[in-house]
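Since the structure comes first, as structure tokens, the remarks are kept for the end.
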Amino acid sequence: MDSFVIAALAAGSAMLAFLLALALARTRRVTRRFQVLDNIATVSDAASSLPETLTAISEVLVPEIADFCMIDVISGERARRAAVRVGPGAPPEAERGLAERTPSIPSRMVGDTDDESLEPRFFERMSEADLREISHDGDDLEFLRRLGVRSGVTVALRARGQVTGALTVGVAWSGRRYRHDDARFAHVLSGRVALALDNAGLFSNLERAVEAREEIAKTLQRGLLPPPLPYIPGWSAAAMYRPAGAENEVGGDFYDAFPISGGWMLVIGDVTGRGARAASITAQARYTLRTAAALTGDPLAALSTLNRALLARHDSAMCSVAAFALTEDSSQPVRMAIAGHPPPLLVDGEDVTETAAPGPLLGAFDDAAWTLERTRIEPGQQLVVVTDGITDACGPDGRFGEERLRRELAGATNPVLAVQRLEGALHSFTEGALDDDAAILAIAPTGFGGDV
């Protein structure tokens, strides 16, 4: 084989090797770009808020395809810098300077939405004239010079037909340079970034809506919290309410005290369920009892009125209530009506006994009837009533139970002491973790050893 043929074959082999290397480099570049697009989708799905999404996208782009990137949000005709990231080797002031810098987005991207206005702004070889074009003043120009930008691309971010922002990527200190195919990729990239930010924005709007609803719910719940007991002439009273769970302020248990004709009425109750529905039933129960009692002064009439109101809801709303009517003459008997509630306990020194039998649960039967019972509370005695969140409370030793309840109340000399002892015992028994709401109400005549 002569030298000419050999030279031709060698040249052909070299050209083939060059073309293969070029094709391989192009394949790697395309693969990397697809990986960037896939990574943006992945991190966007994992982010839980718009700021997290902005940060995650910036971390994908830098330093993989850029030495620095900025994401700006457009509202009306104004742009705001929302995210900045710079890669390794950046000048010390680069990140802070870019973050504080007023965005220099082309005006056509801010005010228009036609296809021509959305064409990328591409600087293949950043010149002094280009720097002057995008700078805001002399100081800004000096800052841009210090960055040493070699190439840069700004693309509009459009989702659902609306431009909501702009993405700028640039190369400088790494020595890289963008070509026209990089600018075209940035245009493709803008669609993926815009979609991710639009989804994150929608999620943020939902987050804000949920937070607003939660704040409204909390405000309403705080309005339903049992109030401090008022001063009741002739009587000493104490109460406690503890919701179940750290996130709750009000649930299904309640107590209340309010004036009626000829004296006062005290109620304690427990509604079915938890959460917003329980809170709505609690509100209805409290205010129905208040209204009916104010009009009639009769515990039976108050229970009957609430029973009709709950049945009218047609949603299986049920409630247990113990209602007590007092006169300011504590020597007079207490009138009480019990609807599906744990019986009140009369504490007399070491003796703790039930004083009334419960009637039907409220909201269960339209023909239900209750009995009005009268109990005289003698000097040195007190009446204590609890919700089943006390007796049914669970701890390492099982259930709090009736026996433990009576043992803790035995020997309590006044309502404040009775409530404190029960609250302390409940906290110790459950190790501070209640499974259900709990409430306690205690009353005693004053001036006869029950005063505190």
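Just so you know, all these numbers are worked out from the coordinates, no wet-lab data involved. Quantities reported herein were computed from a predicted structural model and do not represent experimental measurements. Virtual Cβ from ideal backbone geometry, glycine too; neighbours counted across all protein chains shown.
Things worth noting here:
- Cβ-based exposure ranking for ILE65, ILE440, in which fewest neighbours within 10 Å come first: ILE65, ILE440
- Cα→Cβ-extended label distance, 7 Å offset, between ASP435 and THR291, nm: 3.7 nm
- Taken along the Cα-to-beta-carbon direction at a fixed 7 Å, the label points for ARG176 and ARG308 span 7.8 nm.
- By other beta-carbon atoms within 10 Å, ranking HIS187, HIS341 with the fewest at the front produces HIS187, HIS341.
- J(HN,Hα) series, region 303-318, from Karplus relation 6.51 cos²θ - 1.76 cosθ + 1.60, nearest Hz, glycine and proline x: 5, 4, 5, 5, 4, 5, 5, 5, 5, 5, 5, 6, 9, 6, 7, 10
- Hz values of 3J(HN,Hα) by residue in region 375-380 - Karplus curve (6.51, -1.76, 1.60), Gly and Pro given as x: 9, 8, 9, 6, x, x
- Highest-first arrangement of 284-292, 315-323, where packing means the average Cβ count within 10 Å: 315-323, 284-292
- Between the beta carbons of LEU417 and ASP45, assuming R0 = 56 Å, the FRET efficiency works out to 0.45 to the nearest 0.05.
- Fewest-first ranking of ASP198, ASP351, ASP437, using other Cβ atoms within 10 Å as the exposure measure: ASP351, ASP198, ASP437
- Computed from backbone phi with θ = phi - 60° and the Karplus coefficients 6.51, -1.76 and 1.60, the 3J(HN,Hα) list for region 404-413 is 5, 4, 5, 5, 6, 7, 4, x, 5, 9 Hz; x is used for glycine and proline.
- Summarising the amide proton neighbourhood of TYR178: residues at separation of 5 or more, or on other chains, whose placed amide H is nearer than 5 Å comprise SER151.
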